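K.L.:
Below is the structure I would like to discuss, written out as structure tokens.
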Amino acid sequence: MIKIDGKNESIKKRKVAVIGYGNQGRPQALNLKDGGIDATVILRKGSPSASLAVKEGLRVLNPEEGMKKCDFFIVLIPDEVQTDFFKEHVYHRIREEQSFVFAHGFSYVFGGLELKKYPVDIGLLSPKGPGKALRERFLSGEGLPGVMAVEKDFTGLLRENLISYAFYVGLLQKGLFETTFREETVCDLFGEQISLCGLTVDVMKRSFSALVRRGYSAEMAYFETVFEMKAIVDLIYKDGLEGMRKAISDTAEFGAYLAVEELTDKKMDRRLDQWLDGIESGDFARRWIEEYGKGKEKLYFERKSEKESLIGRTERAMKEKGYL
């Protein structure tokens with residue numbers, strides 16, 4: 001693990017450009033600016049984010065200008081558009097010894113990104129949290145942990161530059177862990193699909209529905225199965241799983257052990273293994289790329305269904321009443 005060991009300013013020798021100004025691009029660009037790094041934001045012509053970036057004191061260039069003037073690129077546009085973006089704007093403009101750094105390895109590992117054949121650095125620097133948390137913890141001085149990978153060090157300086165960049169963006173206070181593109185990509189996909197955004201949320205929704213089916217109010221069910229999750233996650237974040245168990249009642253702890261023992265089984269372990277197989281083999285990537293090619297039909301259908309569900313309507317109503 002790498003932590004702060006003096007101020008590493010090597011990144012100041014590079015002409016840094018953040019590609020994108022969304023969930024990760026905006027926080028990272030602002031952190032760099034506040035840390036004294038003269039970073040550029042690269043956006044396509046006509047991007048609605050350009051005016052916001054300029055308003056917040058950042059220089060904005062289109063891809064053609066950015067490729068000419070910059071040499072250290074942080075790629076923070078969505079996974080599904082990266083391959084097309086490189087085909088349209090990057091490959092034919094690459095210069096020797098430029099560096100391309102990704103926050104997630106999806107497009108490189110599974111998405112058909114053909115960057116390795118060029119005389120450039122290829123690296124990964126991934127905050128372990130959403131951009132909003134990265135910005136908040138940068139401003140508070142707490143920082144977020146991150147992971148780093150060196151895939152191709154053409155210049156011989158990539159590792160040093162990644163560590164320096166991590167310092168200025170707020171990833172060295174907690175620590176920077178070294179990994180590989182493939183390990184980061186597989187673990188990230190599996191984690192967000194299962195324990196972060198997928199099955200955990202589904203269990204919350206199923207628990208909510210079980211209480212409502214028995215006649216308990218939707219508001220009470222929401223408090224007990226969704227709202228209080230933040231308190232538990234905060235305990236885990238601060239003190240770990242063991243600390244969380246120490247903080248809850250013996251009744252809650254004992255009941256949790258019984259529920260897990262009786263509601264889960266080895267079949268679930270096998271299904272998790274099979275799901276991980278699908279990620280490792282590239283099957284999930286294929287399905288996501290196909291979905292993107294169809295205009296994200298299933299994604300938008302599911303998003304609409306979630307919004308119109310009882311738990312979705314209950315949540316909005318409770319927010320409007322000021323309960324949340």
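Bear in mind these aren't lab numbers, they're just calculated from the coordinates by the rules spelled out. Note that the coordinates shown come from a computational prediction; the quantities given were computed from them, not determined experimentally. A quick note on method: Cβ atoms are made from the backbone with ideal geometry, for glycine too, and the neighbour counts reach across all protein chains shown.
K.L.:
Label residue 139 and residue 268 with points 7 Å out from Cα along Cα→Cβ: what is the distance between them in nm?
P.N.:
Spacing of the two 7 Å Cα→Cβ label points: 3.8 nm.
K.L.:
Taking Cα pairs under 8 Å and at least six residues apart, what relative contact order does the chain come out at, in percent?
P.N.:
Numbers: 434 pairs, mean separation 47.3, N = 324.
Rounded, it is 15 percent for the chain.
K.L.:
Determine, from the Cβ-Cβ distance of residue 38 and residue 283 and an R0 of 41 Å, the FRET efficiency 1/(1 + (r/R0)^6), rounded to the nearest 0.05. Please report the intermediate quantities before stating the final value.
P.N.:
Values: r = 43 Å, r/R0 = 1.05.
The computed FRET efficiency comes out at 0.45.
K.L.:
Cut-off is 10 Å between beta-carbons; in what order do 92, 104 appear when sorted fewest neighbours first?
P.N.:
Numbers: 92 9, 104 20.
Exposure proxy ranking, most exposed first: 92, 104.
K.L.:
State whether the stretch 247-324 is rounded, prolate or oblate according to the following rule on the C-alpha gyration tensor (a ≥ b ≥ c being the square roots of its eigenvalues): a/c under 1.5 gives rounded; otherwise a/b larger than b/c gives prolate, and the remaining case gives oblate.
P.N.:
Numbers: a/c = 3.34, a/b = 1.13, b/c = 2.96.
Note, shape of the stretch 247-324 comes out oblate.
K.L.:
If packing is taken as the mean number of other Cβ atoms within 10 Å per residue, what is the order of 122-131, 310-319, highest first?
P.N.:
Values: 122-131: 20.6, 310-319: 14.9.
Result, highest mean first: 122-131, 310-319.
K.L.:
Based only on other Cβ atoms within 10 Å, what is the fewest-to-most ordering of 107, 305? It would help to have the intermediate numbers written out before the result.
P.N.:
Values: 107 25, 305 10.
Ascending number of Cβ neighbours within 10 Å: 305, 107.
K.L.:
Based on the Cβ-Cβ distance of residue 207 and residue 96, what FRET efficiency does E = 1/(1 + (r/R0)^6) give at R0 = 45 Å, to the nearest 0.05? Don't skip to the answer; put the middle values down first.
P.N.:
Working: r = 56 Å, r/R0 = 1.25.
Plugging the Cβ-Cβ distance into 1/(1 + (r/R0)^6) gives 0.20.
K.L.:
Okay, next question. Which value in nm describes the separation of the simple spin-label points at residue 64 and residue 248, placed 7 Å from the Cα toward the beta carbon?
P.N.:
Distance between the two pseudo-spin positions: 5.8 nm.
K.L.:
A further question on this structure: What is the extension gain from residue 84 to residue 177, computed as 0.36 nm multiplied by their sequence separation minus the C-alpha to C-alpha distance, in nm to one decimal? Please list the in-between numbers first.
P.N.:
On the way: separation 93, 0.36 × 93 = 33.48 nm, distance 2.99 nm.
Gain on stretching residue 84 to residue 177: 30.5 nm.
K.L.:
What is the fewest-to-most order of 60, 54 by other Cβ atoms lying within 10 Å of their Cβ?
P.N.:
Least to most surrounded, the residues fall as 54, 60.
K.L.:
Please state the relative contact order of the stretch 156-256 as a whole percent: Cα pairs under 8 Å, 6+ residues apart? The partial results should precede the final answer.
P.N.:
On the way: 32 pairs, mean separation 11.0, N = 101.
Computed value for the stretch 156-256: 11 percent relative contact order.
K.L.:
Same structure, new question: Once you have a ≥ b ≥ c as the square roots of the Cα gyration tensor eigenvalues for the stretch 190-320, tell me rounded if a/c is under 1.5, and otherwise prolate or oblate according to whether a/b is larger than b/c.
P.N.:
Numbers: a/c = 1.96, a/b = 1.24, b/c = 1.58.
Oblate, because a/c is 1.5 or more while a/b does not exceed b/c.
K.L.:
In the chain, what percentage of the DSSP-assigned beta bridges are antiparallel, given to the nearest 5? Working shown, then result.
P.N.:
Working: 7 of 28 bridges.
In the chain, approximately 25 percent of DSSP beta bridges are antiparallel ones.
K.L.:
With a cut-off of 8 Å between alpha carbons and a minimum separation of six or more residues, what is the relative contact order of the stretch 31-143 in percent?
P.N.:
Here the relative contact order equals 20 percent.
K.L.:
Which entry in (i) 111; (ii) 144; (iii) 170 matches volume of the Cα convex hull per residue in Å³ derived from the coordinates of this structure?
P.N.:
Recomputing volume of the Cα convex hull per residue in Å³ here picks out (iii).
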